[in-house]
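Remarks on the structure that follows.
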Amino acid sequence: MTAPLPVFSLLEIALRVEYLKNIPKVVTAYDNDDLGHETARALQQLLPQATRLRPQGQDWNSDLLQRLYTDQQLHQHQQPDFER
């Protein structure tokens, strides 16, 4: 069972958006799916200065797991071979 998402009042959301409008560089990161694209478009309308980072794969977790796997493979190939 997943935890419920926090519920914010419209006032809380408006205050947060107003705060972010005063920050010159906002970077967002959403999954590479329909919901991620929709969220990014909506936020871009509210915060034109926002830049979106996209994962190379479907989502950020997949990208991080791939990076971990690649780093582990590289590390294994760099280990000296003492088993001879």
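Laboratory data are not the source of any read-out in this text; all were calculated from the coordinates shown. Predicted model only: the values in this text are computed from it and were never measured. Here the Cβ positions follow ideal geometry from the backbone for every residue, glycine too, while neighbour counts run over all protein chains shown.
Residues Leu10, Leu43 in ascending order of nearby Cβ atoms (within 10 Å, fewest first): Leu10, Leu43. Both radii were evaluated on the Cα set of the chain; the Rg over Rh quotient, with Rh as the Kirkwood radius, amounts to 1.21.
What the Cβ-Cβ distance of Leu35 and Tyr69 gives, at R0 = 25 Å and to the nearest 0.05, is a FRET efficiency of 0.45.
Close amide H pairs (under 5 Å, H built 1.01 Å from N) link Gly57 with Asp63, residues at least 5 positions away or on another chain.
With a simple spin-label model that places each label point 7 Å from the Cα along the Cα-to-Cβ direction, the separation between Asp59 and Ala3 comes to 1.6 nm.
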